[in-house]
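Only the coordinates and a few stated rules stand behind these numbers; no lab work does. For clarity, every value in this text was computed on a predicted model and none was experimentally measured. Heads up, the Cβs are rebuilt from the backbone with ideal geometry, glycines too, and the neighbour counts pull from every protein chain shown.
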Amino acid sequence: MLASTRPWKDIQTRIQELLRQRIQNRPAGTLDILQERQAGMAMFIAAAWPRLQEHGVSWIGFYQADHLLPDTTCMLLAAREPKPACSPIGLHGACGQSFKSAKPMVVRDVAQLGADYIACDPRDKSELVVPCFDKAGNAWGVIDLDSFDIGSFDERDARNVEKLLQVCQLSA
């Protein structure tokens with residue numbers, strides 16, 4: 001984990017604990033990819049949210065594409081804390097842009113996105129969006145973190161979230 005003001009190392013440790021428990025308690029038979037993904041998203045948020053809310057994050061959630069690119073028309077909220085958010089959302093906002101470009105997006109000030117910003121909470125001032133990839137390298141969704149503070153996220157946060165998605169088996 002890269003040095004940061006956020007407790008990424010603690011979150012990684014918690015994800016690894018939850019992952020071990022999930023593997024030990026897995027019922028006989030295998031879950032399909034969508035069930036695995038849903039369980040992974042819930043596990044990620046359970047590990048991350050309690051720590052991130054103490055460090056300037058106002059919301060965390062996963063959006064899944066309705067179809068693989070190039071047939072994607074919108075993204076649907078799949079898991080989140082602490083409150084509901086917009087769903088479905090178009091591909092013009094930060095989540096859609098990150099998904100389409102297959103690159104993390106650090107938004108220092110959401111006001112600079114203009115009409116492209118999808119405001120689920122008008123108090124949000126900055127955002128971090130990181131795409132999630134399947135084993136074939138196709139983006140299937142994104143994780144979105146919001147903050148009420150301008151400039152809350154940086155490239156270190158993006159790289160740490162990418163690493164945690166891999167640990168959690170939500171991204172290749």
Problem - Relative contact order (percent, whole number), segment 8-167, Cα cutoff 8 Å, 6+ residue spacing - result: 22
Exercise for the section: Excluding residues fewer than 8 places away in the same chain, name every one of the lysines whose C-alpha is closer than 27 Å to that of residue 125. Expected result: 9, 83, 100, 103, 163
Handout entry: J(HN,Hα) series, segment 14-25, from Karplus relation 6.51 cos²θ - 1.76 cosθ + 1.60, nearest Hz, glycine and proline x
Key = 5, 4, 5, 5, 5, 5, 4, 4, 4, 5, 5, 9
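Report the rotationally averaged projected area of the chain based on its alpha-carbon convex hull, in square nanometres.
For the Cα atoms of the chain, the hull's average projected area reads 9.5 nm².
Using the number of other C-beta atoms within 10 angstrom as an exposure proxy, rank 49, 8 with the fewest first. Write down the numbers at each step before the final one.
Details: 49 18, 8 23.
Starting with the residue having the fewest Cβ neighbours, the order is 49, 8.
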